[in-house]
Amino acid sequence: MSNAANADVLELTDSRSGSQYSAPIRTEGPEGDTYMRAMDLRPIKREASEFGLLSYDPAFMNTASCRSAITFIDGDQGILRYRGYPIEQLAENATFLEVAYLLRNGELPNQTQYDSWVHDITYHTYVHENIRKFLEGFRYDAHPMSMLCSATAALSSFYPDARDIQDPQQRYISTIRLMAKLPTIAAFAYRHVKGLPFIYPDNDLSYTENFLSMIARMSEPKYEANPVFVKALEVLFILHADHEQNCSTNAVRAVGSSHVDPFSAVAAGIAALYGPLHGGANEAVLRMITDIGDKKNIPAFIESVKSGKGDRLMGFGHRVYKSYDPRARIVKKLADEVFAQVGMDKDLEIALELERIALSDDYFVSRKLYPNVDFYTGLIYRSMAFPTDFFTVLFAVARVSGWLAQWEEMILDKEQKIARPRQIYIGHGERPYADGLSEKFPKARKDSIRK
Ligand code: ACO
């Protein structure tokens, strides 16, 4: 990665004062990203006493919050790479734990590094029995994301040493614990809602086989997972492992920037992922398809989306991808493999027809709304017998690898400080307190409270 010279400048004239300013235009990285530093706006002011010019960017539409070497996305070209490797090649050839190692360490592991990484994760899959009891305390119909979020936050209290985030050993073991224990907590949440006994981890199995075992094993002494499902889960975990500065990753970075322990920061990421505009979208896709109910209802549904009166077409559109989400392409192929095994169903037919219509309708085409990764993942998960409200949990189990890589990068980045945006204040100017005493809150009542 090159740090290019700052030969280019942006010349600015402040029409209020006629003052001239110049801000370096910086070019960096293999793709030649150009940017200016927002702090270069600060000297723009009419008088020395002024604060200086702010940039206003709700929802970070055009603001980079960090310099990152982890994931590259070109939303117009539909490109996604982890540490330079195209997502298509990783999905085809790598294991999920290999990808998790790559995200955190920057390079693919050699055999020794891989074995030790897998060993460490495998041997930390058990959770303290109090976590099991904690999960048992939830209502029978608790959403598994609430359970996952709370139990992950609770893990922080079991590992007080994790607060020493400047110690690389502590960061490593916390990473291992989070990678190892999230599938266990997720599976326990699943079993709790089903009223089934918890299945403890089986260290003989691979990461995904063990996860499926903790989910589905009944009385058999050894669980044998369906190899098509194991492969599907492995690929889906890889596709969801990281996605640069998305809402939940930003939450992990922002909360982690206070130097809280990583369990608490990851719990914040899980909370962000829970929302229907983010990780909850595949759940929303299935509900939408169920509501549509039949292919003949699709045209009316599309019209209601376009009118803006109905819901959005869930699973379509993306803040970054303005062409086909490369993950959606892989997922669609995977769906074919899974459905070849379990059989095509009515909902998949509705999804295919929705996609066909939307891709040829000017409303979606002109807004560059294409299927995102979540359009088909829900259908795959359901065909594997996962309940709808568990889909986001599967996303979280995968994304924790990216959150931890991004958290580590943030902690090691000397330029990062506690995340603290500015605001444009649009409230009242100064006014005297006495004005606030109204008929709604008579002085006599207030005096009685303050007595
Ligand atoms: N269906 C219908 N119209 C849409 C959709 C959609 N899914 N998405 C965007 N639009 C329209 C908007 O109404 C808007 O139209 P307008 O210009 O006429 O007002 C235009 O497209 C731009 O939309 P924005 O909301 O400004 O786009 P933004 O980048 O903020 O939103 C988002 C991205 C939240 C993903 C949005 O496309 C959406 O709500 N999609 C459905 C939910 C979804 O699938 N989320 C999963 C995202 S992927 C992930 O998190 C893993």
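In whole Hz, what ³J(HN,Hα) sequence does segment 84-95 give by Karplus (6.51, -1.76, 1.60; θ = phi - 60°), x for Gly and Pro?
So the J values, rounded to whole Hz, are x, 8, x, 4, 4, 6, 5, 4, 6, 10, 9, 9.
Need one number: convex hull volume per residue for the chain, Cα atoms only, in Å³.
Per-residue hull volume (Cα only) is 230 Å³.
For segment 371-388, take each phi angle, set θ = phi - 60°, evaluate the Karplus expression 6.51 cos²θ - 1.76 cosθ + 1.60, and give the result in whole Hz per residue in order, putting x for glycine and proline.
x, 9, 4, 7, 5, 9, 4, x, 5, 5, 4, 5, 5, 8, 6, 7, x, 4
Could you tell me the relative contact order of the chain? Use alpha-carbon pairs under 8 Å, at least six residues apart, and round to a whole percent.
Value for the chain: 18 percent.
Please compute one quarter of the surface area of the Cα convex hull for segment 2-60 and express it in square nanometres.
Spelled out: convex hull of the Cα atoms, projected over all directions, averaged, 5.3 nm².
Taking the Cβ of PHE391 as the centre, find all other residues whose Cβ is under 10 Å away and add up their charges (Lys, Arg: +1; Asp, Glu: -1).
-2
Restricting to DSSP H runs of at least four residues, report the calculated mean residue ellipticity at 222 nm for the chain, -39500 (n - 2.57) per run over all residues, nearest 500 deg cm²/dmol.
-15500 deg cm²/dmol
Quote the FRET efficiency, to the nearest 0.05, computed for TYR425 versus GLU220 with a Förster distance R0 of 45 Å and r equal to the Cβ-Cβ distance.
With R0 = 45 Å, the Cβ-Cβ based efficiency is 0.10.
Can you work out ³J(HN,Hα) from phi for every residue in segment 356-367, in order, using Karplus 6.51 cos²θ - 1.76 cosθ + 1.60 and θ = phi - 60°, giving whole Hz and x for Gly and Pro?
Each residue's phi maps through the Karplus curve to give 4, 5, 5, 6, 10, 9, 4, 4, 6, 5, 5, 8 Hz.
For the chain, which longest stretch is free of loop sites, where a loop site is one of the GluC sites (Glu not before Pro) that DSSP puts outside H, G, I, E and B and that has at most 14 other Cβ atoms within 10 Å?
Segment 225-414 is the longest.
Quick one, what does Rg over Rh come out to for segment 352-404 if you take C-alpha atoms and the Kirkwood Rh?
1.11
How much FRET efficiency would the formula 1/(1 + (r/R0)^6) give for SER65 and ASP361, where r is the Cβ-Cβ distance and R0 is 25 Å, rounded to 0.05?
0.10
Taking DSSP loops as anything outside H, G, I, E and B, show the longest stretch in the chain free of chymotrypsin sites (Phe, Trp or Tyr not before Pro) there with at most 12 other beta carbons within 10 Å.
141-424
Can you list the equivalent-ellipsoid semi-axes of segment 266-406, largest first and in whole Å, using the square root of 5 times each Cα gyration tensor eigenvalue?
That gives 24, 19, 14 Å for the three semi-axes.
Enumerate the amide H contacts of ILE79 below 5 Å, restricted to partners 5 or more residues apart or on another chain; note that Pro and chain-start residues carry no placed amide H.
Answer set, sorted by chain and number: ASP74.
Across every pair of different alpha-carbon atoms, what Kirkwood hydrodynamic radius in Å does segment 324-438 reach?
Evaluated on segment 324-438, it is 18.9 Å.
Could you give the distance between the Cα centres of segment 143-175 and segment 246-307, to the whole Å?
23
Around LEU313, what is the net charge, scoring Lys/Arg as +1 and Asp/Glu as -1 over all other residues with Cβ under 11 Å from its Cβ?
Cβ neighbours under 11 Å give a net charge of 0.
Pull out the extension gain between ARG42 and TYR56, defined as 0.36 nm times the separation in residues minus the alpha carbon to alpha carbon distance; nm, one decimal.
Contour length minus the Cα-Cα distance gives 3.8 nm.
Scan around PHE316 for amide H atoms under 5 Å from its own, H built in the peptide plane at 1.01 Å from N, and keep only partners 5 or more places away or cross-chain.
Amide H to amide H, under 5 Å and 5 or more residues apart or across chains, PHE316 pairs with ASN372.
Return the loop-located trypsin sites (Lys or Arg not before Pro) in segment 203-271 (DSSP other than H, G, I, E, B) with at most 14 other Cβ atoms within 10 Å of their own Cβ; answer none if there are none.
Sites meeting the loop and neighbour criteria: LYS222.
For segment 218-275, how big is the tail of P(r) above 18 Å, as a whole percent of Cα pairs?
53
Between GLU353 and LYS231, what length comes free when the chain is fully extended (0.36 nm per residue of separation minus the Cα-Cα distance, one decimal in nm)?
Length gained between GLU353 and LYS231: 41.3 nm.
Counting other C-beta atoms within 10 Å, and keeping those with at most 10, which DSSP coil trypsin sites (Lys or Arg not before Pro) do you find in segment 278-322?
Here the trypsin sites (Lys or Arg not before Pro) that fit, given the DSSP loop and packing criteria, are LYS309.
Placing +1 on the Cβ of each Lys and Arg and -1 on the Cβ of each Asp and Glu in the chain, which of ASN226, TYR381, PHE364 has its Cα farthest towards the positive end of the resulting dipole?
In the chain, that residue is PHE364.
To the nearest 0.05, how large is the calculated FRET efficiency for ALA340 and ASP202 if R₀ is 22 Å and r is the Cβ-Cβ distance?
Approximately 0.20, to the nearest 0.05.
The numbers here are math on the coordinates, done by the rules we state, and not lab data. Since the model is a prediction, treat every value here as computed from it, not as a measurement. Cβ: placed from backbone, ideal geometry, glycine included. Neighbour counts: every protein chain shown.
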